Amino acid sequence: MDTAERPDGPYLEWTVVPSGIGPLLLAATPQGLVKVGFHAGSEARVRTAVDAVAARLGARARRPRPGAEVLLAEPVRRMAGYFAGSLRSFGLPLDWRLCTGFNREVLQELDRSVPYGSVIGYGELAARVGRPGGAQAVGHAMAANPLPLVVACHRVVENDGGIGGFGGGVETKRALLALEGVLPQPLF
């Protein structure tokens, strides 16, 4: 559904915004931001992602015209501030329904305890949630993160100092860590 009117019943609002790492899909429910998606330049890819989120939540999706966002007005503004370098904490209400169990526990710990400009090892994050030796499980939780950037899985790195993987791609992870001052800015 791509109309400006609010649907009856459960709904989510979605849009695509430009960013320093390419177009991003943002989706929110009345409870909060529920989805951030990378590589949102393809209409088919975006539609597939939106339909999957709507189905999982039992909600109807709507895309307001640019500038007419209601649920996404603040997330859009804060995303622009983050990429402009003027925002260090999103401070948004989040709808955690797309993750459960261990994944949710790890992502909420990451959100609470790893601020802008810092990093943590997969193993250390596992230990913080009571799963020493669970670095691989933490990696799986990061890969399943429905709210990357906002719940900053790019700040989780390998314990030996390697950058580790990233759903948005390793170069995107490098760019985000450079934006936050953890890595030097690329020369070109």
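Any idea what the relative contact order of segment 101-180 is, in percent, if you count C-alpha pairs under 8 Å spaced at least 6 apart?
31
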**Report entry** Relative contact order for segment 1-88, counting Cα pairs under 8 Å that sit 6 or more residues apart, in percent
**Finding:** 37
Query - Dipole of the chain, positive end: most advanced residue of 64, 38, 126 [Cβ charges, Cα centre] - result: 64
Requested in this report: Compute the distance in nm between two label points, each set 7 Å from the Cα along the Cα-to-Cβ direction, one at residue 43 and one at residue 102.
Outcome: 4.1
Query - Equivalent ellipsoid dimensions for the chain as semi-axes, Å, which come from the Cα gyration tensor, largest first - result: 28, 19, 14
Report summary line: Semi-axes in Å, largest first, for segment 11-84 (Cα gyration tensor, √(5λ)) are 18, 15, 10
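Could you work out what % of the accessible surface of the chain is carbon and sulfur, using a 1.4 angstrom probe and leaving DNA, RNA and ligands out of the count?
Values: 4840 of 9270 Å².
The computed percentage sits at 52.
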Query raised in the report: Along the principal axes of its C-alpha atoms, what lengths does segment 101-180 span, in descending order and rounded to whole Å?
Result: 31, 25, 20
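Relative contact order (percent) for the chain, with alpha-carbon contacts under 8 angstrom and 6 or more residues of separation?
Normalised by residue count, the contact order of the chain is 19 percent.
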Query raised in the report: In debye, nearest 20: dipole of segment 11-84 around its Cα centre with unit charges on the Cβ of K, R (+) and D, E (-)?
Result: 100
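Quick check: net charge around residue 145, other residues with Cβ under 13 Å of its Cβ, Lys/Arg +1 and Asp/Glu -1?
Result for the local shell: +1.
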Report summary line: GNM of the chain, Cα pairs under 10 angstrom: of 149, 92, 12, the biggest fluctuation goes to 92
Query raised in the report: Which one of 39, 140, 154 has the biggest mean-square fluctuation once the chain is modelled by GNM with Cα springs under 10 Å?
Result: 140
Query raised in the report: Taking the chain as a Gaussian network, where each spring joins two C-alpha atoms under 10 Å apart, which residue of 162, 134, 81 fluctuates the most?
Result: 162
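The values are calculated or read from the model by the stated rules, or taken from the named source; none is laboratory data. What you see is a predicted model; the values in this text were computed from it and never measured. Every residue, glycine as well, gets a Cβ built from its backbone with ideal geometry; the counts of neighbours run over all protein chains shown. Each accessible area value is taken on the protein alone, full model and side chains, heavy atoms only, with ligands, DNA and RNA left out. Shrake-Rupley method; radii C 1.70, N 1.55, O 1.52, S 1.80 Å.
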